[in-house]
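**Q** First the structure, which I've put down as C-alpha cells, then a few questions once you've had a look.
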Amino acid sequence: VKIRVLDHGYVEFVEAWGHGSAMLAINEGDGWDNEVGIIEAARQSTQGSFRGWKEDEKLLATLFNHQSNQSTPFEAAGMTIEVQAPIMVFREWQRHRTQSYNEASARYKALPDFYYWPEAISTFERAKEAQNTTNKQAGGEATVLNAPEVVSWLKQVSEFYQFAESLYQYGLKIGIPKELARITMPVGHYSRMRATANLRNWLAFLTLRLDEKAQWEIRQFAEAVAQIVQHHFPHTWKLFVASFNSRR
Ligand SMILES: Cc1cc2nc3c(=O)[nH]c(=O)nc-3n(C[C@H](O)[C@H](O)[C@H](O)COP(=O)(O)OP(=O)(O)OC[C@H]3O[C@@H](n4cnc5c(N)ncnc54)[C@H](O)[C@@H]3O)c2cc1C
C-alpha cells in the first residue's frame, strides 16, 4: 500500500508484526492479526495466552486506558514504513528519537529531482490565517495580505528550485563530490527513508503529529501513517481514536 502525500511524497507500508504465537489472520488473505502479541505480552505475568477478541478486547482497553503503568505490551507490536517527504518534514519527524531510521544517502547517490511546491490557494489561506493570528496578538492592528505578492513569491520559489537543481547538477558535472554538491539543496527538497517503531511509539507520534498544532505538511504524512495503523492494528486504533478525540 502506497499512499500519496503532497506533490511528490508518499507513505508506503513495508511490514507489521505483533501476531505472537497465535498467528491468526485479520481477514482471510489479508495478513496476520498483529495485536494478539500485545495480549500475549500482557498475560506473561500470569503465563496465560490469547483467549479471542470477544474476551480480550476488554483487556486491551484496560491496558490502553492505564497507559502510565501498563503500556509496555504495545511495544510487542510494530511496523516499518517507507516515506518520501520534504527534508523539512524529516527534520520534524526525526525528532521522534525512539523510532529507527535509514535514510537515502546523498553522499553515495545523486539526489532525485523532487522539490515541494505548495499550492497557491492553500499558501494564501495559511498566510491569511497566520496574519490574522499576528494581528490579534498585536491588538487588532490590520495589515492587508496581497494575493499577487503571494503568487509572485511562489513563482520565485519555483525559479529558486530550478536554480538550486541546476547548480547541483553543474557541481556533479564538473566533478564536485556528491557529498559536497548537495549544499545547494533547500529543505523543500524531497528525501526518502524507512522508519521503524513499535506500536506504542507510533501512537505517541500520531498523538503529536495529527494534532492541529503540528505543521500542516507533517500532519498530511501522519494522516497516511494513521490509515496504515488503522488497517494493521484495528482494535488498538479504535481505542486510540476515542482517546485522541476526548482530548480535543
Ligand atoms: C507542535 C510541535 C512543535 C515542536 N516544536 C519544536 C521546536 O521548536 N524545537 C524542537 O527542538 N523540537 C520541537 N518539537 C519536537 C519535540 O520537542 C519532540 O522532540 C518531538 O515531538 C518528539 O517527541 P518525543 O521526545 O516525545 O519523542 P521521542 O524522541 O520518540 O521520545 C519518546 C519518549 O522517550 C523519552 N525520551 C526520549 N529521549 C529522551 C531523553 N534524552 N531523555 C529523557 N527521556 C527521553 C521521553 O519520555 C519521550 O517522550 C515540536 C513538536 C511538536 C509536536
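**Q** Which of the numbered conditions does VAL151 fail, given that it passes all the others? Conditions: (1) farther than 20 Å from GLY9 by Cα; (2) among the β-branched types (Val, Ile, Thr); (3) at pLDDT 95 or above; (4) surrounded by 11 or more Cβ atoms within 10 Å (Cβ to Cβ).
**A** Failed condition: (3).
**Q** Right, here's the next one. Could you list all residues from the range 190-225 that are assigned to a helix (DSSP H, G or I), within 15 Å of the ligand (Cβ to nearest atom) and hydrophobic (A, V, I, L, M, F, W, C)?
**A** Within the range 190-225, LEU199, TRP202, LEU203, ALA204, PHE205, LEU206, LEU208, TRP216, ILE218, PHE221, ALA222, VAL225 meet the criteria.
**Q** Within the range 1-84, considering only helices (runs of 4 or more DSSP H) that don't extend past its boundaries, which have at least 3 residues that are touching a residue at least 60 places away in the same chain (Cβ under 8 Å) and surrounded by fewer than 21 Cβ atoms within 10 Å (Cβ to Cβ)?
**A** On the way: elements: 36-42, 53-65, 67-70.
Those helices (runs of 4 or more DSSP H) span 53-65.
**Q** Which condition number in (1) closer than 21 Å to LEU208 by Cα; (2) of a type in the set (Phe, Trp, Tyr); (3) touching a His at 6+ places or on another chain (Cβ under 8 Å) is the one that PHE74 fails?
**A** Of the numbered conditions (1) closer than 21 Å to LEU208 by Cα; (2) of a type in the set (Phe, Trp, Tyr); (3) touching a His at 6+ places or on another chain (Cβ under 8 Å), the odd one out for PHE74 is (3).
**Q** Would you point out the residue of the range 167-208, among those that are free of Cβ contacts under 8 Å to residues at least 60 places away in the same chain and among the polar types (S, T, N, Q), that is surrounded by the fewest Cβ atoms within 10 Å (Cβ to Cβ)?
**A** GLN169
**Q** Do you know which residues across the range 93-110 are assigned to a loop (DSSP other than H, G, I, E, B) and under 21 Å from the mean Cα position of the chain (by Cα)? Don't jump to the end; show me each part of the working.
**A** Of all residues in the range 93-110, those assigned to a loop (DSSP other than H, G, I, E, B) come to 94-99, 104-110.
Matches in the range 93-110: GLN94, ARG95, HIS96, ARG97, THR98, GLN99, ALA104, SER105.
**Q** Let me ask another. Among the residues of the range 197-248, how many are aliphatic (A, V, I, L, M) and under 17 Å from VAL5 (Cβ atoms)? Let's see the steps before the verdict.
**A** So the first thing to find is which residues in the range 197-248 are aliphatic (A, V, I, L, M), and the list is 197, 199, 203-204, 206, 208, 210, 214, 218, 222, 224-226, 228-229, 239, 241-242.
Now restrict to residues that are under 17 Å from VAL5 (Cβ atoms): 206, 210, 214, 218, 222, 224-226, 228-229.
Residues meeting the conditions: 10.
**Q** Anything in the range 229-248 that is in a helix (DSSP H, G or I) and under 28 Å from ARG126 (Cα atoms)? List them, or say none.
**A** Going through the range 229-248, the residues in a helix (DSSP H, G or I) turn out to be 229-232, 234-246.
Selection gives VAL241, PHE244, ASN245, SER246.
The values are calculated or read from the model by the stated rules, or taken from the named source; none is laboratory data. It should be emphasised that the depicted structure is a prediction, and the values quoted were computed from it without experimental measurement. Glycine gets a Cβ as well: all are built from the backbone with ideal geometry, and neighbour counts include every protein chain shown.
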